[in-house]
Amino acid sequence: MTSILRAKAVAVMIGMTAVSYLFHKWSTPHERGFHCSDHTIAKPFYPVIIPMFTVLCMALTTLFLTVVTTEYLFGFHLKQVIDELTKFYVGLMSSILLTHICKTYFGRLRPNSIDGICNARHYCADDPTRYVDQFVCINASPRMAREARMSFYSGHSALAMYVAFYAVLYLLYRFKSNTNPKTKCIVYAIQCIIFILGMIPGFTQGYIYWHHWSDIGTGYSVGALIAYLAINYA
């Protein structure tokens, strides 16, 4: 990567980071109603097991250590490390921005939105089969009321899977020419561990009713797809 391309890449990264942050901070999710008979959004509230900040820190640390350690084994070249981390970051910001856009556009209610977060069951007191087109969250902060409408798709699963799949593909491509059986076994084991770890954050979100399982599956798929595109075409 030439100095001009590297400067452009840095500008793109800064721009994508700013856009992603502003979109997340100021966007308002689509407000949709609910059917009183819909039990998929009537789950109890449980606090998040793994906060998004923790997922992000662990993901960045894992990828950084994977790249630096691998490049050290091949003869450390700072330029190679920077180029690889630049590609990774561009894909990461693309994944985060796409997640925010989808959450805002679809406005899907979380499984714990009606009874757990919004306490909106009183809208169904007169007719348990009615459709409530508009409702207000009671005893919920503005942030939580906004979060109740941002189920699709899971940011936890998309972010974690993006990093995990990127690391798996990076190791696959970097050790592709290595024919040592022991080395291959070690690399395969590391890839399996990273991939499994990448599935845990999304699984916990489904376990505590913060996402529908279809949200989590979509997040896994989108994260893996963006990782493939980033490492091959960024």
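Bear in mind these aren't lab numbers, they're just calculated from the coordinates by the rules spelled out. Everything numeric here is computed off the predicted structure, so don't read it as measured data. Counting neighbours? That spans all protein chains shown, and the Cβs are built from the backbone with ideal geometry, glycine included.
By counting other Cβ atoms within 10 Å of each Cβ, how are F195, F45, F74 ranked from fewest to most?
Numbers: F195 15, F45 19, F74 11.
So the residues, fewest neighbours to most, are F74, F195, F45.
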For I196 and F53, calculate 0.36 nm times their separation in residues minus their Cα-Cα distance, and state this gained length in nm to one decimal.
49.5 nm
According to a simple spin-label model (label point 7 Å from Cα along Cα-to-Cβ), what is the distance in nm between I101 and A189?
4.2 nm
What length, rounded to one decimal in nm, is gained on full extension from S27 through to M13, with 0.36 nm per residue of separation minus their alpha-carbon distance?
3.0 nm
Residue among A160, A11, A145 with the largest mean-square fluctuation in a Gaussian network model of the chain, springs linking Cα atoms under 10 Å:
A11
Of the candidates Y153, Y72, Y207, which one comes out as most mobile in a Gaussian network treatment of the chain with C-alpha springs shorter than 10 Å?
Y72
Any cysteine of the chain lacking a neighbouring Cys Cβ under 4.7 Å - listed by number:
C57, C102, C185, C192
Listed by chain and number, the aspartates and glutamates with an alpha carbon less than 19 angstrom from that of K184, same-chain partners under 8 positions apart left out, are E71
Evaluate the distance, in nm, between pseudo-label points positioned 7 Å from the Cα of T40 and of W213 along their respective Cα→Cβ axes.
1.2 nm
Label D127 and K182 with points 7 Å out from Cα along Cα→Cβ: what is the distance between them in nm?
7.4 nm
Divide by every residue of the chain the summed helix terms, -39500 (n - 2.57) for each DSSP H run of at least 4, and state the resulting mean residue ellipticity at 222 nm, rounded to the nearest 500 deg cm²/dmol.
-22000 deg cm²/dmol
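So if R0 is 41 Å, what FRET efficiency would Q80 and N139 give, r being the distance between their Cβ atoms, rounded to the nearest 0.05?
Values: r = 53 Å, r/R0 = 1.30.
Calculated transfer efficiency: 0.15.
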Pick from I190, I208, I138: which residue has the top mean-square fluctuation in a GNM of the chain where Cα pairs under 10 Å get a spring?
I138
